[in-house]
1. Any residue in the stretch 102-131 that's touching a residue at least 40 places away in the same chain (Cβ under 8 Å): show its pairings with residues that are β-branched (V, I, T) and surrounded by 10 or more Cβ atoms within 10 Å (Cβ to Cβ) at Cβ separation under 7 Å, as long as the two are six or more apart or on different chains.
2. Can you confirm whether the stretch 27-45 contains a residue that is of a type in the set (K, R) and at pLDDT 75 or above?
3. Considering only residues that are surrounded by 10 or more Cβ atoms within 10 Å (Cβ to Cβ) and under 26 Å from L123 (Cβ atoms), look in the stretch 47-70 and name the one that is modelled with the lowest pLDDT.
Amino acid sequence: MYGIDIYNSKNMHITIGTNKEKKFSLDIYQISTHDPLEELMNEFREGQFSNTLTSKQKLNFLEILRKNKSAFAIGEEPLRKIRGHNMELYLDVERPYPPLLRRPPYLESLETRKEIEEHVNELLEMDVIRK
């Protein structure tokens, strides 16, 4: 009796016939449907969506993020000042201010204050914020 060896691109093989020395190996690949939402969710896996959004709304939002990817600091990229865009912040609460806005700053431990100071100085040096 003759044997037929079948090799695929990964050098896995099946032997059909009397050659018992070779092991039989068969990989079955499932054909998956292309889901663009799943693909984008993997790219932005740290993000979470409200349950009120539809799949189409999530997909549209993720497409906007992908198209404007350069506007965000990702991973270990350093923060930097955005040039060409100014933003003014207004306090839209009239006097008398509510109690939460009238509170004095709360005290932090010495370690926490040092850490906050380091972060603020780092942002000042990077020109992200200014005094």
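1. L123/I129
2. No: zero hits.
3. Per the stated criteria, the residue is G47.
A quick yes/no check of all residues on (1) modelled with pLDDT of 80 or more; (2) of a type in the set (S, T, Y); (3) not in a loop (DSSP other than H, G, I, E, B):
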| residue | (1), (2), (3) |
| --- | --- |
| R80 | no, no, no |
| G84 | no, no, no |
| L100 | no, no, yes |
| E108 | yes, no, no |
| E111 | yes, no, yes |
| E115 | yes, no, yes |
| H119 | yes, no, yes |
| L124 | yes, no, yes |
| D127 | no, no, no |
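The values are calculated or read from the model by the stated rules, or taken from the named source; none is laboratory data. Computed from a predicted structure; not experimentally measured. Note that we place each Cβ from the backbone using ideal geometry, even for glycine, and neighbour counts take in every protein chain shown.
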